[in-house]
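All of the numbers you see were taken from the coordinates with simple rules; none came from a lab. Here the structure is a predicted model, which means the values were calculated and not measured. Don't worry about glycine lacking a Cβ; one is built from the backbone with ideal geometry, like all the others, and counts go over all protein chains shown.
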Amino acid sequence: MKKLITLAAVMLAISAYSGQQAQANPEPVKLSSLAGESQVTDVRPADEMPVYPNRGKSVERTFVHQPPIIPHKATYSISTDKNGCLSCHSWDKAKRMKATPVDTSHVMDDKGTVKGMYYFCDQCHVPQAENKQQLVENTFN
Ligand code: HEC
Ligand code: HEC
């Protein structure tokens with residue numbers, strides 16, 4: 001058995017060498033993406049870090065019943081076991097964390113148990129940052 005495996009490994013090594021050799025001077029691959037025309041080997045500068053409003057400032061809503069925009073980073077994970085957002089916004093923790101408790105529409109009892117359809121917060125709430133990056137054109141109107 002061991003011999004067979006060694007043989008297979010040797011054959012594999014040989015077949016790898018007999019394949020097409022990599023070109024000495026490969027054509028540069030040009031990619032057209034949101035980052036512009038650049039070569040794969042180009043290292044572009046990192047994006048600017050997003051700047052969120054100062055703590056304690058919520059962003060004014062633009063229409064009635066708009067899901068308020070998140071005035072802080074929104075990279076907290078949401079999984080079936082744990083909801084990072086609720087560790088500050090649940091009814092029992094909000095006061096201590098100085099966060100706004102979730103809206104009454106989001107809960108199903110007087111203890112503040114969040115309804116399933118409101119569990120995935122980022123389905124409706126999006127973060128808003130002072131965006132220093134160039135905006136991507138779009139035709140939405
Ligand atoms: C570490 C605690 C903390 C976590 C975690 C957190 N928030 Fe917040 N959130 C706050 C605080 C505090 C505020 C009040 C504004 C401020 O101080 O920046 C706030 C404000 C908000 C607001 C604005 C409310 C309004 O009336 O304008 C929304 C919406 C919000 N958070 C959603 C979320 C979502 C969605 C998540 C998960 C992705 C999340 N938050 C995670 C602390 C937190
Ligand atoms: C189905 C869409 C939806 C989902 C999912 C959702 N929200 Fe909301 N949320 C809203 C809307 C709409 C409002 C505004 C309610 C209004 O003014 O009628 C709101 C309001 C809020 C507010 C402000 C409450 C206040 O009194 O000003 C907070 C905080 C909040 N949501 C946090 C969360 C968190 C945390 C989650 C995840 C556990 C979440 N939301 C999930 C739609 C959603």
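A compact table of results
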{"item": "Distance (nanometres) between label positions extended 7 Å along Cα→Cβ at residue 139 and residue 79", "result": "4.2"}
{"item": "5 angstrom amide H check on residue 52, placed H, neighbours 5+ away", "result": "130"}
{"item": "Chain lengthening between residue 113 and residue 41 when straightened (0.36 nm per residue, less Cα-Cα)", "result": "20.9 nm"}
{"item": "Over the range 51-134, relative contact order from alpha-carbon pairs under 8 Å, at least 6 apart, %", "result": "33"}
{"item": "Positive-end residue, the range 51-134 charge dipole about Cα centroid, Cβ charges, pick of 120, 107, 134", "result": "134"}
{"item": "Backbone HN-Hα couplings from phi across the range 64-72 [Karplus 6.51/-1.76/1.60, Hz, Gly and Pro as x]", "result": "4, 6, 5, x, x, 6, 7, x, 8"}
{"item": "Spatial extent of the range 51-134: Rg and Dmax, with the Cα atoms as the point set, Å", "result": "13.3, 45"}
{"item": "Under the Karplus curve 6.51 cos²θ - 1.76 cosθ + 1.60, θ = phi - 60°, whole-Hz ³J(HN,Hα) for the range 109-115, x wherever Gly or Pro sits", "result": "8, 7, 8, x, 5, 6, 5"}
